[in-house]
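So the structure is just underneath, and the comments pick up after that.
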Amino acid sequence: METAYIEVQKLSKTYSAKNGTVEALKEISLSIPQNEIFGIIGLSGAGKSTLVRCLNLLEKPDSGTVIINGEDLLTLSKEQLRIRRQKIGMIFQHFNLLEQQTVLENVCFPLEIRGIPVKQRKEKALQLLKQVGLEDKAKAYPSQLSGGQKQRVAIARVLANDPDILLCDEATSALDPETTKIILNLLKEIHDTMGITIVIITHEMKVIQEICTQMAVLHKGSLQECGSAEEILKNPKSKAAKRLLMIKETEEETDYVG
Amino acid sequence: MLDKAMLEMLLEGIRDTLYMTLLSTFFGYIIGLPLGIVLTLTDKDGIAPNKIIYRILDIIINITRSIPFLILLILLIPLTKLIVGKSYGATATIVPLTFAAAPLIGRMVESSLKEVNQGVIEAAISMGARKRMIIFKVLIGEARTSLLVGVTIVLGTVLGYSAMAGVVGGGGLGDIAIRYGYYRYNTKIMLITLIFIVVIVQLMQGLGMLAAKRLDHRR
């Protein structure tokens, strides 16, 4: 049995909404081994975004524990958590780049946070931009880039801190299928060359199919199924997984007809 | 048309008006900028929510903002005397002007900083940024265009207030307009000073907008 790198135990989170409360997460327990590409899939409202945001405590769970590499994040002091977060990278659906800063300055930002001297910052940032194929855009501003390019900048930015974990919150949901493929390939390449554990949140089966080695299916805040991605894709047991696979097939048919 | 003494008086008026407006705005920002930052941080969606601090500042700002400037001017006379030594003239007017500008600036800064995309702030938190870094690099850095537009609006408002100070001998173009136009029925002088005020406001507005546009890289 592989040892868990990210271990989530009995995680619960409830939001208060206008009409009562919403249980976003109901006692989720999950273990993610090191060096996997772990997909978490579910329809909107399944709680997957809340779950991934609990992994770096952007969201504080009501109860449960989040253990990363043997360290219980909820027991850390504010300052310890701040330092720990520097090694847990996160990329977002809407990229979240600094709009008033150049591409190069955006990639330098995490290094600036860590107090790395300007010259070294720039060197490292340029090298990362090269890695994501955007060295010619260093002086451009995010508004001058396409969605796919923006996400590549975000990936370069997240790699600047040499993270051991990369969390992807619907990172390809705002992109077209072609660009999605490019970004997923880039993530896979990063995983293969740098050995980073990747957690991907998505509502699209094809994202899982493309790069995930393991997966979990979430439905209305509860864990439905968890295990090898290949296994679940071939032989889904839960209703939610079957439904998600069906959606994908219908989409493919429409693609074909269209 | 205008004799030399008149011209000198007008030039002095322009100088006094600029002196009052710029210095009061500057001092206003020394109080208002931190005020706006604290309001943004302590609001319920901010990065350091604190209901009590937010409520207290919110109420203070609302109260001071609802006092008409002319009344504030009179209310602050003892304080002005304490700080400047006298209660009339351009320098003395800077005191009430600063107090009128600060809460307005606090609100303007708050509204500018709250325009910053929450996602970008979250990204900075996820990178392990300190609060200071988030304030300066993310909040102020990303909102700089909006902040500059705010400065332009504040300058125009403060200039308008400074003209009102003419009623109590505050100096500047407003003072001239009131003394000659209102007390002595010299419509010509009043109109000329008015034109100067309009031109100054236009220039500040134009320059401010130009600078804001230059600094904006969002499109």
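Does region A:53-66 contain at least one residue that is away from chain B (no Cβ under 14 Å), among the hydroxyl-bearing types (S, T, Y) and open to solvent by 20 Å² or more (accessible area, probe 1.4 Å)? Give the derivation first.
Filtering region A:53-66 for residues away from chain B (no Cβ under 14 Å) gives A:61-66.
Keeping just the survivors that are among the hydroxyl-bearing types (S, T, Y) gives A:63, A:65.
With the extra rule that they be open to solvent by 20 Å² or more (accessible area, probe 1.4 Å), the set shrinks to A:63, A:65.
Scanning region A:53-66, I find at least one residue that is away from chain B (no Cβ under 14 Å), among the hydroxyl-bearing types (S, T, Y) and open to solvent by 20 Å² or more (accessible area, probe 1.4 Å), so the answer is yes.
Here is a yes/no grid of residues against (1) under 25 Å from B:L73 (Cα atoms); (2) touching a residue at least 40 places away in the same chain (Cβ under 8 Å); (3) of a type outside the set (F, W, Y):
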position: B:G119; (1), (2), (3): no, no, yes
position: B:V154; (1), (2), (3): yes, yes, yes
position: B:Y161; (1), (2), (3): yes, yes, no
position: B:G166; (1), (2), (3): yes, no, yes
position: B:R184; (1), (2), (3): yes, no, yes
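Answer yes if at least one residue in region A:35-43 is free of Cβ contacts under 8 Å to residues at least 24 places away in the same chain and assigned to a loop (DSSP other than H, G, I, E, B), and no otherwise.
Going through region A:35-43, the residues free of Cβ contacts under 8 Å to residues at least 24 places away in the same chain turn out to be none.
No, the conditions are met nowhere in region A:35-43.
From the list B:G170, B:G174, exactly one residue is more than 14 Å from chain A (Cβ to nearest Cβ), crowded, with 22+ Cβ neighbours inside 10 Å and outside any helix (DSSP H, G or I). Which is it? Before the answer, list the steps.
Working: B:G174 fails: outside any helix (DSSP H, G or I).
Of B:G170, B:G174, the one residue that is more than 14 Å from chain A (Cβ to nearest Cβ), crowded, with 22+ Cβ neighbours inside 10 Å and outside any helix (DSSP H, G or I) is B:G170.
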Based on this model, can you work out whether A:V66 counts as within 23 Å of A:T14 (Cα to Cα), among the β-branched types (V, I, T) and not in a strand (DSSP E or B)?
no
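So which of A:I165, A:I198 is surrounded by 22 or more Cβ atoms within 10 Å (Cβ to Cβ), over 24 Å from B:E142 (Cα atoms) and modelled with pLDDT of 95 or more?
Numbers: A:I165 fails: surrounded by 22 or more Cβ atoms within 10 Å (Cβ to Cβ).
Going through A:I165, A:I198 in turn, just one is surrounded by 22 or more Cβ atoms within 10 Å (Cβ to Cβ), over 24 Å from B:E142 (Cα atoms) and modelled with pLDDT of 95 or more: A:I198.
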Based on what the data block shows, is A:A241 assigned to a helix (DSSP H, G or I) and in contact with a Leu (Cβ under 9 Å, 6 or more places away or on another chain)?
yes
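Being surrounded by fewer than 19 Cβ atoms within 10 Å (Cβ to Cβ) and not in a helix (DSSP H, G or I) narrows it down to one residue among B:R214, B:R218; which is it? Even if it seems obvious, please write down each step before you answer.
Numbers: B:R214 fails: not in a helix (DSSP H, G or I).
Exactly one residue qualifies, and that residue is B:R218.
The rows are residues; the columns are (1) open to solvent by 50 Å² or more (accessible area, probe 1.4 Å); (2) touching a Ser or Thr at 6+ places or on another chain (Cβ under 8 Å); (3) modelled with pLDDT of 95 or more.
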residue	(1), (2), (3)
B:D3	yes, no, no
B:D16	no, no, no
B:G28	no, yes, yes
B:I37	no, no, yes
B:I60	yes, no, yes
Provide a single number: the residues in region A:69-86 that are buried (at least 17 other Cβ atoms within 10 Å of the Cβ) and either away from every other protein chain (no Cβ under 12 Å) or assigned to a loop (DSSP other than H, G, I, E, B) (or both).
2
What is the number of the single condition among (1) buried (at least 24 other Cβ atoms within 10 Å of the Cβ); (2) within 14 Å of chain B (Cβ to nearest Cβ) that A:A46 does not meet?
(2)
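Taking the residues in region A:5-21 that are without any contact (Cβ under 8 Å) to a residue 40 or more places away in the chain and of a type outside the set (D, E, K, R) as candidates, determine which candidate is nearest to A:E71 (Cα to Cα).
Residues of region A:5-21 that are without any contact (Cβ under 8 Å) to a residue 40 or more places away in the chain, as a first pass: A:15-21.
Filter once more, so that each one left must be of a type outside the set (D, E, K, R): A:15-17, A:19-21.
On the way: A:Y15: 26, A:S16: 30, A:A17: 32, A:N19: 37, A:G20: 35, A:T21: 31 Å.
Taking the candidates together, the pick is A:Y15.
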Only one of A:I196, A:I232 is touching a strand residue (DSSP E or B) at 6+ places or on another chain (Cβ under 8 Å) and within 20 Å of A:L159 (Cβ to Cβ), namely A:I196
Run A:L233 past the list (1) touching a residue at least 60 places away in the same chain (Cβ under 8 Å); (2) open to solvent by less than 50 Å² (accessible area, probe 1.4 Å) and report the number of the one that doesn't hold.
(1)
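Test B:V149 against the criterion of being open to solvent by less than 70 Å² (accessible area, probe 1.4 Å) and within 13 Å of another protein chain (Cβ to nearest Cβ), and give yes or no.
Answer is no for this residue.
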Index of the failed condition, B:Y185 passing every other in (1) more than 14 Å from chain A (Cβ to nearest Cβ); (2) open to solvent by 40 Å² or more (accessible area, probe 1.4 Å); (3) part of a helix (DSSP H, G or I):
(3)
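Tally the residues that are closer than 24 Å to B:L73 by Cα and in contact with a Gly (Cβ under 6 Å, 6 or more places away or on another chain), restricting the search to region B:14-45.
At the first step, the residues of region B:14-45 found to be closer than 24 Å to B:L73 by Cα are B:14-36.
Right, trim to in contact with a Gly (Cβ under 6 Å, 6 or more places away or on another chain) and you get B:16-17, B:20, B:32, B:35-36.
Of the residues in that region, 6 qualify.
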So which residues in region B:1-21 are touching a residue at least 24 places away in the same chain (Cβ under 8 Å) and not small (G, A, S), if there are any at all?
B:L2, B:M6, B:M9, B:L10, B:I14, B:D16, B:T17, B:L18, B:Y19, B:M20, B:T21
When region B:122-146 is checked residue by residue, the ones that are open to solvent by 10 Å² or more (accessible area, probe 1.4 Å), in contact with an Asp or Glu (Cβ under 9 Å, 6 or more places away or on another chain), in contact (Cβ under 8 Å) with a residue 24 or more places away in the chain and at the interface with another protein chain (Cβ under 9 Å from one of its Cβ atoms) are B:E142, B:R144, B:T145
Within region A:87-121, tally of residues that are open to solvent by less than 10 Å² (accessible area, probe 1.4 Å), more than 8 Å from every other protein chain (Cβ to nearest Cβ) and more than 14 Å from B:K137 (Cα to Cα):
2
Being open to solvent by 30 Å² or more (accessible area, probe 1.4 Å) and not assigned by TED's automatic domain parsing to the domain that holds A:E7 narrows it down to one residue among A:E251, A:E210, A:E204; which is it?
A:E251
Taking A:S12 and the conditions (1) in the same structural domain as A:I198 (by TED's automatic domain parsing); (2) touching an Asp or Glu at 6+ places or on another chain (Cβ under 8 Å); (3) closer than 28 Å to A:R152 by Cα, which numbered condition does it fall short on, given that it satisfies the others?
(3)
Among (1) within 11 Å of another protein chain (Cβ to nearest Cβ); (2) open to solvent by 60 Å² or more (accessible area, probe 1.4 Å), which single condition is A:Q131 missing?
(1)
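The values are calculated or read from the model by the stated rules, or taken from the named source; none is laboratory data. Predicted model, so just to flag it, every value in this text is computed and none were measured. Cβ sites come from the backbone with ideal geometry, for glycine too, and all protein chains shown count toward neighbours. Ligands, DNA and RNA are stripped out before the accessible areas are found, and what is left, the full protein with its side chains, is counted by its heavy atoms. Shrake-Rupley method; radii C 1.70, N 1.55, O 1.52, S 1.80 Å.
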